[in-house]
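First comes the structure, then the notes that go with it.
The values are calculated or read from the model by the stated rules, or taken from the named source; none is laboratory data. From a predicted model like this one, the values you see are computed outputs, not experimental measurements. Note: ideal-geometry Cβ built from the backbone for every residue, glycine included; neighbour counts use all protein chains shown.
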Amino acid sequence: MKKDTTISNRKNEHIHINLLEDVNSGRQTGLEQYHFIHQALPEISLSDVDLSQTLFGKRQAVPVLVSSMTGGSEEGERINRNLAVAAQEVGMAMGVGSQRAAISDPSLENTFKIRHLAPSILLFANLGAVQLNYGFTIQECQRAIDMIEADGLILHLNPLQEALQPKGNTDFGGLAKKIAEVRKAIPIPLIVKEVGWGISIQTAQLLYDAGVDAVDVAGAGGTSWSQVEKNRIDDEFGQQTAGSFIDWGIPTADSLANVLSVHPEWIVFASGGLVNGIDIAKCIALGAKMGGMAGRFLQAASISEENAVNVMRMITDQIRIAMFASGSRALADLTPDKLTRSAKG
C-alpha cells in the first residue's frame with residue numbers, strides 16, 4: 001500500500017491545534033438541561049458505591065472511555081503511552097487514534113502499540129470507515145486489531161471533516177453494506193462512532209441493521225473538527241467555509257436518545273463535550289454504558305503520565321460522589337428517574 005508521509009504531519013497539527021486553539025463547538029451538549037435529584041438521605045455509604053461493570057466479557061473498573069485521539073507521530077506516541085499507563089492504573093477503557101497511518105507505513109506501528117502498558121483494560125483499535133471505499137478491506141481491519149491486540153474495532157464516521165479537509169476522502173457511498181461485511185468478518189465487537197457531530201435516528205437504524213455491536217454517539221457540544229480544520233486551511237475562503245459549520249451537529253443528549261430509540265438495549269457510549277464525571281453519570285442515567293472524554297485527557301497526558309492519572313482519578317471521584325449523592329449504589333441504579341430536566345431556552 002502506498003506510503004503517505006503527510007499523515008504524521010497532520011496528526012501533529014491536530015494535537016497542537018487541539019491543545020493551543022479554541023476549537024469548541026458553538027452548540028451545547030444538551031446535558032446542561034439535566035440535573036441529578038439530590039438525596040440528603042441516600043441510605044448508602046460512599047464506600048458502598050460500585051463503578052464497575054462487565055462489558056464485552058471484560059471487567060471494567062470505571063465506566064469511562066479515553067476516547068480515540070492520536071498516534072502516528074512521535075508526539076502521538078508519547079501521549080498514547082501516558083494515556084495507556086494512566087488508564088491501566090485507574091481502570092478506564094481506551095481507544096487509539098486512527099491507525100491508517102500505521103497501515104500505510106508500518107514504521108509507525110509503535111506509536112499505537114500500548115497493550116504492554118495496559119494489559120487489563122478494554123482497548124479499541126480505530127480506522128476511518130470511509131477508508132473501506134479507498135482500498136481498505138477486511139485485511140486492513142484485522143491488521144489494525146492485531147497491531148494493538150484490541151478488544152474491539154472502532155470505525156469512525158467523519159463526513160463533514162473530510163469535506164472540509166484539503167483532498168479529503170468524501171466518498172461515503174455504500175458504506176453501511178461494507179460496515180456490515182466487517183462486522184461479519186472480524187472476531188471481536190465492532191463499534192461505530194462519530195467524531196463530534198452526533199448520530200441521527202436514520203444513521204442509527206443503518207448501523208443497527210448492519211449488526212454493529214455498539215455506537216459511540218460523539219455528539220456536538222465539545223471539540224468541533226470543522227474548527228480544527230479551519231486552523232489548518234491556508235486560504236481565506238476555505239477558512240470561512242470551515243468556520244461556518246461551528247454550530248453544526250446533533251447535541252450529545254439528543255444523539256444518545258436517537259440511538260436508544262432504535263434499540264433500547266443497544267450498547268451505547270456517550271461522548272462529545274463531556275467535561276466532568278457528573279456529565280458521565282448523567283449519560284449513564286440516560287442509557288449509556290460509558291462516557292467518553294478526549295480533550296480533557298489529551299491536555300493532561302500532554303503534560304505527564306502523573307497528570308493524566310490525577311485527572312482520571314478526579315473524574316472517577318466525581319462519578320462516585322454524584323452516584324452517592326443521588327442514592328445510586330451501582331451503575332444499574334443510575335436510571336432516568338434520578339434526573340430532573342429543565343426546559344430549554
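Figures for the structure shown
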quantity	calculated
Residue count for segment 94-112, restricted to those that are touching a residue at least 60 places away in the same chain (Cβ under 8 Å), in a loop (DSSP other than H, G, I, E, B) and surrounded by 24 or more Cβ atoms within 10 Å (Cβ to Cβ)	1
Condition broken by Val228, with the remaining ones in (1) surrounded by fewer than 17 Cβ atoms within 10 Å (Cβ to Cβ); (2) not in a loop (DSSP other than H, G, I, E, B) satisfied	(1)
Selection count where residues are under 28 Å from Tyr208 (Cβ atoms) and either assigned to a helix (DSSP H, G or I) or among the polar types (S, T, N, Q) (or both), scope segment 234-261	10
Count of segment 252-270 residues which are more than 14 Å from the chain's Cα centre (by Cα), farther than 25 Å from Met314 by Cβ and crowded, with 24+ Cβ neighbours inside 10 Å	1
Filter result (of a type in the set (Asp, Glu) and out of contact with any strand residue (DSSP E or B) (no Cβ under 8 Å at 6 or more places or on another chain)) within segment 265-297	Glu265
Test: residue in segment 170-188 that is touching a Lys or Arg at 6+ places or on another chain (Cβ under 6 Å), of a type outside the set (A, V, I, L, M) and surrounded by fewer than 21 Cβ atoms within 10 Å (Cβ to Cβ)	no
Candidate set from segment 133-169 (those that are modelled with pLDDT under 95 and among the aliphatic types (A, V, I, L, M)); member that is surrounded by the fewest Cβ atoms within 10 Å (Cβ to Cβ)	Ala163
Strands (runs of 3 or more DSSP E) completely within segment 1-92 that count 2 or more residues being at pLDDT 95 or above and of a type outside the set (Lys, Arg)	34-36, 53-55, 64-66
Residues of segment 39-59 classified as β-branched (Val, Ile, Thr) and surrounded by 11 or more Cβ atoms within 10 Å (Cβ to Cβ), total	2
Among residues of segment 211-236, those that are within 20 Å of the chain's Cα centre (by Cα) and of a type outside the set (Ser, Thr, Tyr), counted	16
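Each row is one residue, and each column tells you yes or no for (1) charged (D, E, K, R); (2) over 19 Å from the mean Cα position of the chain (by Cα).
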{"position": "Gly238", "(1), (2)": "no, yes"}
{"position": "Gly272", "(1), (2)": "no, no"}
{"position": "Ile278", "(1), (2)": "no, no"}
{"position": "Arg313", "(1), (2)": "yes, no"}
